[in-house]
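Some notes on the structure that comes next.
The values are calculated or read from the model by the stated rules, or taken from the named source; none is laboratory data. Predicted model only: the values in this text are computed from it and were never measured. Cβ: placed from backbone, ideal geometry, glycine included. Neighbour counts: every protein chain shown.
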């Protein structure tokens, strides 16, 4: 349980490191309770100058629960005991009890957040200890048994309700995260299959060229070739065709649907690459986005070339959707043994119109493509309020 206590934090919102609960309701409730409790303890309780610190002890855990639920619960348990004990010491006309409505207003949010953030063992132990602490200060008082029983029972039911609501939200959140994780895993597999299909198209094109040239070489060479050379070209042709067939089998396995239909055959049209960036940028300009392209004259392998194109394509698509009319710079350059691709846009000139929900595969696809070549992709907001996508690819043998 001690290990569980050390790791208890309010769950974060998906995709960020900020707590999933908003801070403002906790601040408003804590301030309201502080004022109300200070007046109550000073006027009705006769606490005098001690009213303010006692009120802060009662209201403080509400604000603390937003960030540290276990520490907030410990302070709340003390806050349930201190006002009662101090009222008895000062012989107050009204001795505050833990189940008074104003004190429960401070306890219920803390128990709710604790149940949302911690496991069942921690929450159950905290619930029992809270009731035990309250009962310890209430039992010694000269109070009718019926009133004491009603007070403890109503208090226990109120705390239990907060715990159940918090635990229910915790279970619902964990179930949602599991589903989202599974969906994300499926999307990654789908994106990898799509990348495999595109790589298949690139490689199949070149292998088809090799097969055709190997088969026709004996007839194209002036004067013909001897029998040994002809057999060598035939072997090259057979190896190229076998490689194409193997790629088809692999692609079918990635699709999860068996071999590709024989009637389709490999696609021999090459995928777009570095030489097609100009057309891509021009199409984006026609969509109203001012784009400046700076691409070095590089010699890349077909796989590297299509990866550069797809990264730029997806980054520009995001600019069109989320930063309309934003000035954008596309840079493709070589640095040492690496190829750097950078797409950076300034803040949009006008608010983006609501866009239909996408597939969520944009960044996933870029990251998978770059990682497949041993590269690295970084994305994030710029200091000027824009957004930047930067990919680094090793040049390898294709540079």
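None of 157, 105 is in a helix (DSSP H, G or I), modelled with pLDDT of 80 or more and buried (at least 16 other Cβ atoms within 10 Å of the Cβ) except 105. Would you call residue 133 modelled with pLDDT of 80 or more, more than 21 Å from residue 36 (Cα to Cα), surrounded by 13 or more Cβ atoms within 10 Å (Cβ to Cβ) and in the same structural domain as residue 80 (by TED's automatic domain parsing)? Against the criterion (modelled with pLDDT of 80 or more, more than 21 Å from residue 36 (Cα to Cα), surrounded by 13 or more Cβ atoms within 10 Å (Cβ to Cβ) and in the same structural domain as residue 80 (by TED's automatic domain parsing)), residue 133 qualifies.
Put simply, of 78, 72 the only residue that is in the same structural domain as residue 32 (by TED's automatic domain parsing) and buried (at least 21 other Cβ atoms within 10 Å of the Cβ) is 72.
Selection of the range 45-56 for residues being crowded, with 19+ Cβ neighbours inside 10 Å and either farther than 13 Å from residue 32 by Cβ or in contact with a strand residue (DSSP E or B) (Cβ under 7 Å, 6 or more places away or on another chain) (or both) yields 45, 47, 51, 54. Restricting attention to the range 225-278, the residues that are over 33 Å from the mean Cα position of the chain (by Cα), more than 17 Å from residue 212 (Cβ to Cβ), assigned to a helix (DSSP H, G or I) and at pLDDT below 80 total 3. Taking the listed residues 316, 393, 377, 363, the one that is at pLDDT 85 or above, surrounded by fewer than 19 Cβ atoms within 10 Å (Cβ to Cβ) and assigned by TED's automatic domain parsing to the domain that holds residue 301 is 377, with no other qualifying. Across the range 319-349, the qualifying residues are those that are outside any loop (DSSP other than H, G, I, E, B) and modelled with pLDDT under 85, and the one among them that is farthest from the chain's Cα centre (by Cα) is 335. If you go through the range 117-139 and pick out every residue that is over 40 Å from the mean Cα position of the chain (by Cα), touching a residue at least 12 places away in the same chain (Cβ under 8 Å) and more than 15 Å from residue 75 (Cα to Cα), you end up with 4. Counted as qualifying within the range 1-94 are the helices (runs of 4 or more DSSP H) with 2 or more residues that are under 28 Å from the mean Cα position of the chain (by Cα) and modelled with pLDDT of 80 or more, namely 23-39, 51-64, 69-89.
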